[in-house]
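The block underneath contains the structure these notes are about, expressed in structure tokens.
The values are calculated or read from the model by the stated rules, or taken from the named source; none is laboratory data. What you see is a predicted model, and the numbers here were worked out from it, not measured in a lab. Ideal geometry is used to build each Cβ from the backbone, glycine not excepted, and the neighbour counts take in all protein chains shown.
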Amino acid sequence: MITRRFALAAASLAAMVYAGAAAAQTPVTIGAIEILTGPNNKYGVAIKNGFDLALEEVNKAGGVLGAPLAIAYEDSAGNKDQALNAARQLIGGKKVPLILGPTLSNEMFAVGPIAVERKIPIVGTSTTANGITAIGPYVFRTSLPESDVVPVTLRTAKEKLGVKKVAVMYGNDDAFTKSGYDVMKAAIEKLGLETVTTETFGGKDTDFSAQLTKIKSLNPDAIVVSALVEAGAGILLAKKALGIPDSVRVIGGNGLNSPQVPLVAREAADGTLVGSPWFIDKPDAANQKFVADYKAKYNMDPDQFAAQAYDTLFIVAQAIKDAGAPNAEKIRDALGKVKHNGVMGPFSFTPDRDPADTSGVVVIEMKGGKFQILK
Amino acid sequence: MFAQQLVNGLVVGSTYALFALGFTLMFGVLGVINLTYGFYLSVGAFLALFATQHGVSIWLALPLAALASGCVAVLIDGLLLTPLRRAKAPELASLMVTLGATLLLYSLANAALSTDIRRFPPGVIDANALEIAGIRITMTQCLIIAAAGIIVSVLLWVMNGARIGLGLRALAERPDAAALMGVNAGALVRLVSLASGTLAGASGVLIGLNYNAIQPYMGEVMMLKGFAVIILGGLGDIRGALVAGLVVGMLETLTAGYVASSWKDAVGFVLLVLTLWIRPSGLFGRLAVKRA
Amino acid sequence: MSAPRLDVDCLTVRFGGLAAVDDVSFSVAPGTVHGLIGPNGAGKTTTFNLICGLIAPTGGAIRLDGRRIDALPSWGRAQLGLARTFQNIRMFNDMSVLETLMTGMHANLAESLLASLLRLPSFRHAERAAIDKAWALIDFVGLTEAAHRRSGDLPYGDQRRLEIARALAGEPRLLLLDEPAAGMNPSETQALEALLETLKGRGVSMLLVEHDMRFVMRLCDQITVLNFGRKISEGSPREVRADPLVVEAYLGAKVARSLEAPP
Amino acid sequence: MPEFLDDFLFTYQTLIYALGVNGLLALSMYVVLALGQLSLGQAAFMGLGAYVSALLTVKLGLPFPLVLLAAMLAPALAALCVGAPTLRLSGVYLALATIGLGEVQRIFFINSELTGGALGLSGIPTKGGLISIYGSLALALIAFAFVARSKIGRAMEAMREDELAAGALGVDLPAYKLGALVVSAMLAGLAGALNAHVSSFISPNDYGFDAAVTILSFALLGGIGSPFGPVLGAFILTLLPEVLRPLADYKTVVNGSIIVLAVIFMPRGLLAWRMGRAGAATGRPK
């Protein structure tokens, strides 16, 4: 909480220093619900870092509607009830005209209906599960759903690497990895790939030898994995230890698109393929500035959660400006029309409030601990 | 493939056994289910991690970290359980107190160390797998299997043969009578805590080496499996813990390999429930009778 | 209520290879006080626990009025009218004296769950009757002043009496007393003896384990002597006292003890 | 409704519901602890109630009262299965067996198509609310307070203080233990069902080991001398993180400390209050 209050204070302070005239105004405050504590807080903290970095820039450039923009953070701790409480606080108590977050798709399934009930736009930056925006007409998301990314990855693997037979592994006890699997399964069928076996594991498992031994005996061309960092790195290590050849690539979902993977799996991570609208070494100038600023401010590398949050804040700020007033209904209408060119590439919403543009998606492969575009 | 799966099962099973040994020893002698036990596993792994990061050889870091975990175990036992023993509190009180302590310790560890997954520095141990007749096994895995076997033999020898074992068994069966017989109960309690904490710490280092995944909550995950193993083996039964660990590990691996990996984690708990229904005293049938 | 007859037939229990109670038989006749004595480790408390159902026998039979009870759990035997006290007092520390006695009436108190939930008249009558009966018992054992005190806070002698009263509350047909005078001072022992005499006068059968020989000899009609888990003698106090085997067992133990202890 | 009241109810609705549901859960824990047993399966029973009720509402559209009944019966059955074999063993077996139940159930929910796997069930229609939650809580409280002041309540306390002595007085120990576990499971199931129908979304990981420990800390904070203690404990632990926001970040630390401190220093609960056990005035007869 101390950190949260500090962040708020810092944000307003920054606004005062950089935007003299605007400082006189009470800030326009929007809400954000993220996992700031607990076992999954690395996602929430990265997102908050992304927001704060962008917020600084927005306020340096004069804020919105002649006033600084501020974010009131609420911690969900990854707990659905706490996320619900947070949303009700923000809507009923702080009367925010817009909510950013929450971090997990599960939390959005709980919180979304409340925002819809109160007609407050809510913008997920990391909620990639299927059916998120179907919750209601006020639920937006800026993260490309897995269903937009995974087919690109698999198609590229098929075309460039000649993958025909795949084995599938997914974490079945987590909504994120399970919905990632659902998307993979559909894409595999659509591309006409053969699935030799489908194996599951638990998010906290460390032993994958039984599943991989079985997979090894079935000789697939690639292993398609829907996992978060921990299990994903474990799978890569076990794959190497069991002597599955490097030519059998691991094709991952969003969960494997993390700088943590090579930190743990080291050389075993080489060859991993993921699709993403963003990766840290993306060469354009906007991204290089973002990465440099982020490193300078937080002394660590940004991940895609931070990048998505960074872009989202600009999109939201734009919408508030376009709306002309901090009014939920007007902001919602304006959001639908925003066009933004950020570190993730060109962005706009579909009529169903999902990201419209998938042209930014590239397939990247791990080489020597870094992602680079698959040639 | 079958042979490889058997080896996989043997490794997983030895891991469980290694973990369950100290757990069941604690129950067998001290008569409490000490839920903080899993935490000593995390302690061992992290201490060894920090030591090796500072250039200490793993062969030195392993025993030091294990022993340090043992000391933590003695400390926690002294803080939490000794007062309860003195007050002759019911056994469930100690179960609850260690439950609360577990929650506390893991939350603090998560806050201090973050939940990021970590790994030993490269080259602390030869990570390349040996390949014998198509079966691959790493050095660490051999070490785990050997450790489980050796530790069980030593424990059985101590409990049944050595002089100190007599005192331990007396303490287990009649704590008050043991005191009358001149057994220094306090010292023995500390010794048992030290021994089981050390076992937990050592298994933490080995597990961390084998799976390359060190996290504060690694002990918590192991703990749930640990319950199944010690019940199946019979609470307090050392030989039972070894066999049950191997059985659970093997069955899990075979379930994942030949039935469905989604049911792998259910194996241990189904065995637990079956044991309670059919033979609550565990595989070797030495029932931990309630003390009147 | 008629006093029952307790028959213990060839009772045996082994722990490991050791027979703690070995082929012991005796009977408690209706309305009598039966003593069970013997040197330390003779198997008295074990016999007691076998009769109450805390330990399962290896062999033999226990009958209450001719009905086998050795397969019943302890509460089943209590429901048939067997009540006991413990060698180390077992209080319900947080309960008041009055509540403790009401708890003692458990087996005989007719209160259904439904009646308690709905506070039906039947429930209220039962509770009122229980409270009245508890007061009568409190007066009987002389704890009137302490009626509302926490039983864990009572002095030792009062706790002993409360434990006996708790056992009596269930209107037992046979009362098993495990060293009731242990740890009492002479005046407390005297009060206890008077209490037990009164009970005997009311026709309650009792089985008594006790170390205080004078106490046992005065109170008991019949005595069974155990040594090393076996019955070595049985009869009236006078007969038992005269039995050379008994003298030897006790003397032997005494001599052995005096040899062990430094002068 | 005036706007400020509407805002207030909206803002604190989740909290208000959570207070009631957690109160019920604390009571479910109380029944077991009150006779000296420990169940770590309360979260599992809650989850079973939640899933059964949600499925019956969503798939079959059964009327709500019937759904609630089913949500109580299913966990009761599970409690019988786990409780029966462990009753004659020492209390640790029940504690470990209920942990096992929770895990088996979680694995089932994750793998079953019917329960939506890890994605859980979303779009559960809102049913019940203030009246059904607080009505159940009030009914349960009154029932437990009445039972506490009766033969059954005395037997339960006797078992907690000294099981051996209670047995010697004719208290049928296994029947009481099993009865308490079943009642406890039914209450937890009811709490789960009520919660599921006001939060629209449930998933398997909501009912894990952490939840079980939290429920235990409710009861231990409040103390088990009376049924009111655990409910108060639940209220405090639910409100505390909302009132003192800094505490929210350390919720698990707080819960853990409460358990440790309560057991070692205040075995009667931090809010020790024991209610009398007689169902009528205990004065001398006139």
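Tabulated data for the structure shown
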{"quantity": "Evaluation of residue C:176 against (1) in contact (Cβ under 8 Å) with a residue 40 or more places away in the chain; (2) within 10 Å of chain D (Cβ to nearest Cβ); (3) under 25 Å from residue D:284 (Cβ atoms) (one fails), failing number", "calculated": "(3)"}
{"quantity": "Subset of the stretch C:87-99 [more than 8 Å from every other protein chain (Cβ to nearest Cβ) and under 17 Å from the mean Cα position of the chain (by Cα)]", "calculated": "C:87, C:88, C:89"}
{"quantity": "The stretch C:30-79 - residue that is over 16 Å from residue C:8 (Cα atoms) and out of contact with any helix residue (DSSP H, G or I) (no Cβ under 6 Å at 6 or more places or on another chain) and, of those, surrounded by the most Cβ atoms within 10 Å (Cβ to Cβ)", "calculated": "C:42"}
{"quantity": "Scan of the stretch D:135-157 for residues that are within 12 Å of residue D:279 (Cα to Cα) and either within 15 Å of the chain's Cα centre (by Cα) or not in a helix (DSSP H, G or I) (or both), ordered by number", "calculated": "D:149, D:150"}
{"quantity": "In the stretch A:186-219, the residues that are outside any strand (DSSP E or B), more than 7 Å from chain B (Cβ to nearest Cβ), surrounded by fewer than 22 Cβ atoms within 10 Å (Cβ to Cβ) and of a type outside the set (A, V, I, L, M, F, W, C)", "calculated": "A:189, A:190, A:192, A:203, A:216, A:219"}
{"quantity": "Boolean, residue D:237 is among the aliphatic types (A, V, I, L, M), within 28 Å of residue D:120 (Cα to Cα) and more than 7 Å from every other protein chain (Cβ to nearest Cβ)", "calculated": "yes"}
{"quantity": "Single match in D:84, D:34, D:18 (criterion: touching a residue at least 60 places away in the same chain (Cβ under 8 Å) and within 18 Å of residue D:102 (Cβ to Cβ))", "calculated": "D:84"}
{"quantity": "Output for the stretch B:132-141, where each listed residue is in a helix (DSSP H, G or I) and touching a Leu at 6+ places or on another chain (Cβ under 8 Å)", "calculated": "B:139, B:140"}
{"quantity": "Cβ pairs under 6 Å, 6+ apart, first in the stretch A:256-272 and under 20 Å from residue A:169 (Cα atoms) and within 11 Å of another protein chain (Cβ to nearest Cβ), second crowded, with 19+ Cβ neighbours inside 10 Å and of a type in the set (D, E, K, R)", "calculated": "A:258/A:303; A:264/B:119; A:268/A:240"}
{"quantity": "Members of the stretch D:208-223 that are over 10 Å from the mean Cα position of the chain (by Cα) and assigned to a helix (DSSP H, G or I)", "calculated": "D:209, D:210, D:211, D:213, D:214, D:217, D:220, D:221, D:222"}
{"quantity": "Any hit, the stretch B:29-40, residues being modelled with pLDDT under 90, within 14 Å of another protein chain (Cβ to nearest Cβ), out of contact with any strand residue (DSSP E or B) (no Cβ under 8 Å at 6 or more places or on another chain) and part of a helix (DSSP H, G or I)", "calculated": "yes"}
{"quantity": "Subset of the stretch D:142-164 (residues that are out of contact with any Pro (no Cβ under 6 Å at 6 or more places or on another chain) and within 14 Å of residue D:187 (Cβ to Cβ))", "calculated": "D:142, D:143, D:147"}
{"quantity": "Leading residue by the ranking (nearest to the other protein chains (Cβ to nearest Cβ)) among those in the stretch A:85-115 that are β-branched (Val, Ile, Thr) and under 19 Å from residue A:305 (Cβ atoms)", "calculated": "A:111"}
{"quantity": "Single unsatisfied condition, residue C:131 versus (1) in contact with a Pro (Cβ under 8 Å, 6 or more places away or on another chain); (2) assigned by TED's automatic domain parsing to the domain that holds residue C:13; (3) among the aliphatic types (A, V, I, L, M)", "calculated": "(2)"}
{"quantity": "Test: residue D:19 is surrounded by fewer than 24 Cβ atoms within 10 Å (Cβ to Cβ), of a type in the set (A, V, I, L, M) and within 15 Å of the chain's Cα centre (by Cα)", "calculated": "yes"}
{"quantity": "Breaking point among (1) over 25 Å from the mean Cα position of the chain (by Cα); (2) surrounded by 12 or more Cβ atoms within 10 Å (Cβ to Cβ); (3) more than 10 Å from every other protein chain (Cβ to nearest Cβ), for residue B:129", "calculated": "(3)"}
{"quantity": "Tabulated pairs, the stretch A:325-350, first part of a strand (DSSP E or B), second among the acidic types (Asp, Glu), C-beta under 8 angstrom, 6+ apart or interchain", "calculated": "A:340/A:311; A:342/A:311; A:345/A:357; A:346/A:357; A:347/A:311; A:347/A:357"}
{"quantity": "Which numbered condition residue D:86 misses (of (1) surrounded by fewer than 21 Cβ atoms within 10 Å (Cβ to Cβ); (2) within 30 Å of residue B:31 (Cα to Cα))", "calculated": "(1)"}
{"quantity": "In the stretch C:137-146, the residues that are of a type in the set (A, V, I, L, M) and either facing another protein chain (nearest Cβ under 8 Å) or within 21 Å of the chain's Cα centre (by Cα) (or both)", "calculated": "C:137, C:138, C:141, C:143"}
{"quantity": "Counted residues, the stretch A:304-331 - those being of a type outside the set (A, V, I, L, M, F, W, C) and surrounded by 22 or more Cβ atoms within 10 Å (Cβ to Cβ)", "calculated": "5"}
{"quantity": "Filter pass, residue B:13 being over 30 Å from residue D:265 (Cα atoms) and in a helix (DSSP H, G or I)", "calculated": "yes"}
{"quantity": "Exclusive hit being assigned to a helix (DSSP H, G or I), at pLDDT 90 or above, surrounded by fewer than 24 Cβ atoms within 10 Å (Cβ to Cβ) and more than 8 Å from chain A (Cβ to nearest Cβ), set B:206, B:246, B:232, B:224", "calculated": "B:246"}
{"quantity": "Whichever residue in the stretch B:249-281 is more than 8 Å from chain A (Cβ to nearest Cβ) and in contact with an Asp or Glu (Cβ under 6 Å, 6 or more places away or on another chain) and, among such residues, is nearest to residue B:236 (Cα to Cα)", "calculated": "B:269"}
{"quantity": "Verdict on residue D:59 being modelled with pLDDT under 95 and touching a His at 6+ places or on another chain (Cβ under 6 Å)", "calculated": "no"}
{"quantity": "Hits in the stretch A:70-84 (condition: within 7 Å of chain D (Cβ to nearest Cβ) and part of a strand (DSSP E or B))", "calculated": "A:75"}
{"quantity": "Leading residue by the ranking (nearest to the chain's Cα centre (by Cα)) among those in the stretch C:100-115 that are polar (S, T, N, Q) and surrounded by fewer than 23 Cβ atoms within 10 Å (Cβ to Cβ)", "calculated": "C:108"}
{"quantity": "Filter result (touching a Leu at 6+ places or on another chain (Cβ under 7 Å) and either closer than 19 Å to residue C:144 by Cβ or more than 7 Å from chain D (Cβ to nearest Cβ) (or both)) within the stretch C:104-130", "calculated": "C:104, C:126, C:130"}
{"quantity": "Hey, residue D:73 more than 29 Å from residue C:94 (Cα to Cα), more than 14 Å from chain A (Cβ to nearest Cβ) and not in a helix (DSSP H, G or I) or not", "calculated": "no"}
